[in-house]
Amino acid sequence: EGFNRGEAAEEEPAASKGEYASIADIDELKKLTTDIEQAGEVAIAVNAELGTRNSEQKNAESLFLIPQSAIRNPHCVIAFCLKPHQAFSVSIPPLLAHSALETIKPVIEDEGIKKMSCDVKGVHLFFKRYNICMKGAHFDAGIASYLLNPSRSSHTLEDIAYEQLGYKIKGQGVRGKGQDSDEDAICNQACAEADAVFQLSQKMLPQLENEGLLKLFNEIEMPLAEVLAEMELDGIRIDKDYLSTRWHKD
C-alpha cells in the first residue's frame, strides 16, 4: 500500500499538505535507513501519548523527555522526514523495541548525516537512554527561533511553524497496517512535526546567516545542546558537607 495523501483545511496553504506513511515492519525500516543514508539529512520528531496531552502540556516542551518505560509503550513514535511534505513514522511496540532501535542506531550515530529537530537536546536524551548517541546535530528550530527573535514569549514548534510556514501543524493522515485511531493520531502528529522541522531548516538557516548568527548557532548553541543533555543524564557532583556548612552559616 502507498501513501495516504492528507487533505488540509482549504484556508491552509498547499505547503501544509504532506504525504505520510507508517513503517509496518523491520524490512521497511531497513529500507528507510538506507534512504536516510542516501539523503544525508533527516528531520526527527519523537512523540509519546499525544492523544492524552492537554494544550498546556503540548506547549511545554517536555514532550521529548520520555522516561525509560516509554520505550515499552506502543504509542512511542519516532518520525523521520527526508524531504519537505514527506515523512515516515515508526511506532515502537514492546516486542520490536530492541530490533527497531538497533536498526536505526547506525544512521542516528552517523555524524555525516545531518539531524534536525525542534528540540535537539530532548532527542539526544531520548536516544542516549537506549545507548544510542546521536551525532550530526545540524538544526534546532527552537534555538534558531530564539536567536532570531529572543524577545518573543514562545518558541514552540507550533508557533514557529505558523509564523515561518504560514500554517498550523496538523497530522494529514497516515496509512499503515494494524493501527488504531489513537496510534494513527500520534503517527500523524509526529510526521507533521518532522515535516515542519525540515521545512523550517530551509527557511531559518539562511535567516541566521543573513543576521550574522549562523556561527553562533553552529559553534556554540548546537554543541551546547548535547552538553546539556549529558549533564541532565549524568547529573552534577556537589559537596553536600560544604553546602550544609554554608547553609547553617547563612
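Readers should treat all values here as calculations from the given coordinates under stated rules, not as data from a laboratory. Source: prediction; values computed, not measured. Neighbour counts are summed over all protein chains in view; Cβ atoms, including those assigned to glycine, are modelled from backbone coordinates with ideal geometry.
Using per-residue counts of other Cβ atoms within 10 Å, averaged over each peptide, order 107-117, 204-214 from highest down.
107-117, 204-214
How large is ³J(HN,Hα), in whole Hz, for each residue of the range 140-150 in order, when computed from phi with the Karplus curve 6.51 cos²θ - 1.76 cosθ + 1.60 and θ = phi - 60°, using x for Gly and Pro?
Computed from phi, the couplings for the range 140-150 are 10, 4, x, 5, 4, 4, 5, 5, 6, 8, x Hz.
Tell me which residues come under 5 Å, amide H to amide H, from Glu41 once H is placed; ignore anything under 5 positions away on its chain.
The list, which skips near neighbours in sequence, is Lys114.
Using 0.36 nm per residue, how much length does the chain from Asn131 to Ser99 gain when fully extended, once their Cα-Cα distance is taken away?
Working: separation 32, 0.36 × 32 = 11.52 nm, distance 1.33 nm.
Length difference between fully extended and current span is 10.2 nm.
Taking 0.36 nm per residue of sequence separation and subtracting the Cα-Cα distance, how much length would be gained by fully extending the chain between Asn210 and Arg237, in nm to one decimal?
Length gained, Asn210 through Arg237: 5.6 nm.
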